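> There's a structure below that I have some questions on.
The values are calculated or read from the model by the stated rules, or taken from the named source; none is laboratory data. Just so it is clear, the model here is predicted, and its values are computed rather than measured. Every residue, glycine among them, receives a Cβ derived from its backbone with ideal geometry; neighbour counts consider all protein chains shown.
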Amino acid sequence: MWVREITKNKSTAYRYLERYTDPLTGKYKTVSVTRNKNNVRSQKDAQLELTKIIEQRLKHNSTKQLENLTFHDACNEWLEHYKTHSGSKPTTIKEKKSNANTVKNAIDSKVLISKITHTYLQDIINEWAKSHSIGHVQSLVIVVRSVFKYAFKYYDLHDISVLDKIDIPKKAQTRNELQAKRNNYLEDSEVKELLQCFDYLIKHKRHATRKRNYEMVKALVEFQINNGMRIGELLAIKTDNINIENKTLEIDGTINWVTDTETGAFGVKETTKTSSSYRTIGLTTQSINLLKTLILENKKENQWNAKFIDRGYIFTNTAGSPIDLNKVNNIIKEATDISSINKRVTTHTLRHTHISTLAQLGINLKAIQDRVGHSDYKTTLDIYTHVTDKMAQDMMNKLERLGS
């Protein structure tokens with residue numbers, strides 16, 4: 001360390017300097033701090049601060065060297081890069097963060113990314129497959145691949161061949177599982193019974209708030225069955241999305257379950273899942289009337305309930321926020337449990353029910369795909385094919401009866 005005396009505006013100060021070698025360039029760099037005095041105490045204080053500054057810089061630079069890069073550090077850097085460069089929605093970033101944490105929990109924090117072998121990764125993936133769905137395992141492996149590719153791009157990790165050697169274990173679906181997936185929609189008789197079960201539950205709810213929640217979920221079920229949007233899209237519907245005169249609905253967002261910074265209320269509308277998800281659909285008179293009823297109910301709630309914050313949402317709780325998705329699923333389960341319906345009914349089932357209804361009406365596949373906002377035709381096609389196959393079988397059964 002050395003010191004320089006500096007004078008400015010007739011005032012004297014002392015600049016203490018120290019030199020260190022930058023490990024990335026091999027060249028000398030200098031850091032400095034300024035003190036008002038040049039005595040033993042000031043020198044010791046300056047030396048401590050300069051040492052701290054140099055250590056921080058060396059630590060920062062050392063993480064930029066591949067030989068010292070742990071998987072955890074690379075994963076953290078990749079996630080920050082993803083947040084700022086991917087253009088993803090907050091919900092997607094939240095999901096990536098959760099998956100990244102799961103991946104890091106499976107890998108020791110001291111493991112260097114350059115030392116990871118494909119057998120090490122495969123053992124981890126095999127363990128994930130025991131306790132996670134295949135879809136979730138795929139999401140976790142995507143994070144692993146992204147981290148390695150990040151290190152390849154920014155740290156010159158030349159050998160990422162481990163990614164070509166790992167596999168995701170495939171679990172053979174049972175006949176019952178395949179059948180349940182294909183039958184993940186409601187028949188007309190099941191829809192009728194489910195709505196009757198809702199009426200029974202509503203009738204026996206005495207508490208006003210609980211009664212309102214059950215009525216709201218019943219309306220939600222009816223609306224989703226009749227229109228087929230995703231549950232997040234449905235909950236994001238606001239009054240300004242509805243054109244009552246033309247009987248159309250603009251679907252332009254989905255719900256992110258975070259607190260609204262402006263109002264403090266829960267649930268914030270953000271952009272749709274994909275560009276094809278942004279769409280305008282036609283509504284039946286029945287759906288228009290249902291929306292009118294809910295708008296009127298929300299106006300009443302806003303007038304008499306001081307806790308109700310009117311943010312324009314339609315399918316609301318007593319605070320004016322979109323009704324909680326867990327509450328929706330729990331109430332649907334309660335209604336299903338008292339019915340004779342022998343299948344698990346979720347909001348996804350209701351969406352598929354709309355697709356099956358359109359298929360039975362003979363609507364072409366492209367029109368159905370556009371209405372429900374599917375960018376990938378595969379999901380629509382799976383339901384469409386199953387329903388039309390069943391229609392063909394019903395036709396043959398009727399022909400057999402005619403000939404007997």
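Listed here are the residues, each with its yes/no results for (1) of a type in the set (Phe, Trp, Tyr); (2) closer than 30 Å to Asn126 by Cβ; (3) at pLDDT 85 or above.
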site	(1), (2), (3)
Ser42	no, no, yes
Leu50	no, no, yes
Ile53	no, no, yes
Leu69	no, yes, yes
Gly87	no, no, no
Lys97	no, yes, yes
Ala100	no, yes, yes
Ile107	no, yes, yes
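> Return yes when Ile341 is at pLDDT 90 or above, crowded, with 19+ Cβ neighbours inside 10 Å and assigned to a helix (DSSP H, G or I) and no when it is not.
no
> Could you give every pair whose Cβ atoms fall below 9 Å, whose first residue belongs to region 295-314 and is without any contact (Cβ under 8 Å) to a residue 12 or more places away in the chain, and whose second residue is assigned to a loop (DSSP other than H, G, I, E, B), counting only separations of at least 6 or pairs across chains?
Listed pairs, sorted by first residue: Lys299/Asp310.
> Moving on to the next point. Just one of His354, His374, His386 is at pLDDT below 70, touching a helix residue (DSSP H, G or I) at 6+ places or on another chain (Cβ under 8 Å) and surrounded by 16 or more Cβ atoms within 10 Å (Cβ to Cβ); which is it?
When all the criteria are applied, what remains is His386.
> May I ask you to say which residue of Ser88, Ser109 is in a loop (DSSP other than H, G, I, E, B), under 14 Å from the mean Cα position of the chain (by Cα) and assigned by TED's automatic domain parsing to the domain that holds Val137?
Ser88
> Still on this structure, I have one more. Taking the condition of being within 16 Å of Lys149 (Cα to Cα) and touching a residue at least 40 places away in the same chain (Cβ under 8 Å), how many residues in region 74-95 meet it?
Total meeting the criteria: 6.
> Name the pairs whose Cβ atoms lie under 9 Å apart, with the first residue in region 328-355 and under 30 Å from Asp370 (Cβ atoms) and touching a residue at least 60 places away in the same chain (Cβ under 8 Å), the second acidic (Asp, Glu) and part of a loop (DSSP other than H, G, I, E, B), and 6 or more positions between them or separate chains?
Final answer for the pair search is Thr353/Glu187.
> Follow-up. Determine whether region 145-158 contains at least one residue that is among the small types (Gly, Ala, Ser), modelled with pLDDT under 90 and either closer than 30 Å to Ile341 by Cα or not assigned by TED's automatic domain parsing to the domain that holds Val221 (or both).
No.
> Going through region 240-264 one residue at a time, which ones are at pLDDT 85 or above and touching a strand residue (DSSP E or B) at 6+ places or on another chain (Cβ under 7 Å)?
Selection gives Asn241, Ile242, Lys247, Thr248, Leu249, Glu250, Ile251, Gly253, Thr254, Ile255, Asn256.
> Of everything in region 243-259, what is without any contact (Cβ under 8 Å) to a residue 60 or more places away in the chain and surrounded by fewer than 20 Cβ atoms within 10 Å (Cβ to Cβ)? Give them in sequence order.
Asn243, Ile244, Glu245, Asn246, Lys247, Thr248, Glu250, Asp252, Thr259
> If you don't mind, another one. Within region 2-12, is there a residue that is surrounded by 14 or more Cβ atoms within 10 Å (Cβ to Cβ), under 24 Å from Leu58 (Cβ atoms), touching a Phe, Trp or Tyr at 6+ places or on another chain (Cβ under 9 Å) and at pLDDT 85 or above?
The answer is yes; a qualifying residue exists.
> From the list Asn289, Asn330, pick out the single residue that is loosely packed, with under 14 Cβ neighbours inside 10 Å and over 22 Å from Ile242 (Cα atoms).
Asn330
> Of all residues in region 3-51, count the ones that are in a strand (DSSP E or B), of a type outside the set (Val, Ile, Thr) and either within 49 Å of the chain's Cα centre (by Cα) or under 30 Å from Gln65 (Cα atoms) (or both).
8
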